[in-house]
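For reference, the structure discussed in these notes is given below.
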Amino acid sequence: MGNHVLCVDVDERKIALLNSGGVPIYEPGLEEMVARNRAAGRLEFTTDAAAGVAHGLFQFIAVGTPPDEDGSADLTHVLAVARSIARHMTEYRIIVDKSTVPVGTADRVASVAREVLRERQLVVELDVVSNPEFLKKARR
């Protein structure tokens, strides 16, 4: 679609793999799509969270939410990314929660981000929206 996307991950090996043309997951056509968009300069990968936050208006959180001990979604990684975004924000951002999370998570993400901004003594507006992932069930 022509968007310039900068993907951020803390896993240096994963970013190195992506930057060398590899793809850590299999999905038909994905490797070709990644290669085409990398070559066109529309897709980049980094471990630099500050660069990611500076890059775009939309900040997607797309991390795992494994079941917690009680079976609920573990939001540790989601909230850690929210903190990281807020640590690097200097202007308005829209945080998009793409991870599979329970109702009310957007409020928690906003609260955590605003707490970090208060600690930084910054007044920066933000919005949080959910972009849920719906998995297709196989027919029996």
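The values are calculated or read from the model by the stated rules, or taken from the named source; none is laboratory data. All figures in this text were calculated on a predicted structure; none of them were measured in a lab. Methodologically, a virtual Cβ is constructed for each residue, glycine included, from the backbone with ideal geometry; neighbour enumeration extends over all protein chains shown.
Kindly indicate whether Leu6 is modelled with pLDDT under 95, touching a helix residue (DSSP H, G or I) at 6+ places or on another chain (Cβ under 7 Å) and surrounded by 14 or more Cβ atoms within 10 Å (Cβ to Cβ). Lay out the reasoning, then the answer.
Values: modelled with pLDDT under 95: no; touching a helix residue (DSSP H, G or I) at 6+ places or on another chain (Cβ under 7 Å): yes; surrounded by 14 or more Cβ atoms within 10 Å (Cβ to Cβ): yes.
The answer is no for Leu6.
When you check Ala51 against the structure, is it under 21 Å from Asn3 (Cα atoms), in contact (Cβ under 8 Å) with a residue 24 or more places away in the chain and not in a loop (DSSP other than H, G, I, E, B), yes or no? Let's see the steps before the verdict.
Working: under 21 Å from Asn3 (Cα atoms): yes; in contact (Cβ under 8 Å) with a residue 24 or more places away in the chain: yes; not in a loop (DSSP other than H, G, I, E, B): yes.
Against the criterion (under 21 Å from Asn3 (Cα atoms), in contact (Cβ under 8 Å) with a residue 24 or more places away in the chain and not in a loop (DSSP other than H, G, I, E, B)), Ala51 qualifies.
State whether one or more residues within region 84-96 are under 17 Å from the mean Cα position of the chain (by Cα), of a type in the set (Val, Ile, Thr), assigned to a helix (DSSP H, G or I) and under 16 Å from Val10 (Cβ atoms). Steps first, please.
Initially, region 84-96 is screened for residues under 17 Å from the mean Cα position of the chain (by Cα), giving 84-89, 92-96.
Checking which are of a type in the set (Val, Ile, Thr) leaves us with 85, 94-96.
Checking the rest, the ones that are also assigned to a helix (DSSP H, G or I) come to 85.
Right, trim to under 16 Å from Val10 (Cβ atoms) and you get 85.
Yes - at least one qualifying residue is present in region 84-96.
Applying the selection to region 55-83, what residues are touching a Ser or Thr at 6+ places or on another chain (Cβ under 8 Å) and either hydrophobic (A, V, I, L, M, F, W, C) or more than 17 Å from Val10 (Cβ to Cβ) (or both)?
Ile61, Ala62, Val63, Ala73, Leu75, Val78
Can you give me the number of residues within region 57-76 that are modelled with pLDDT of 95 or more and assigned to a loop (DSSP other than H, G, I, E, B)?
Qualifying residue count, region 57-76: 1.
Tally time: how many residues in region 48-101 are closer than 22 Å to Val124 by Cβ, polar (S, T, N, Q) and surrounded by fewer than 16 Cβ atoms within 10 Å (Cβ to Cβ)?
Number satisfying all stated conditions: 1.
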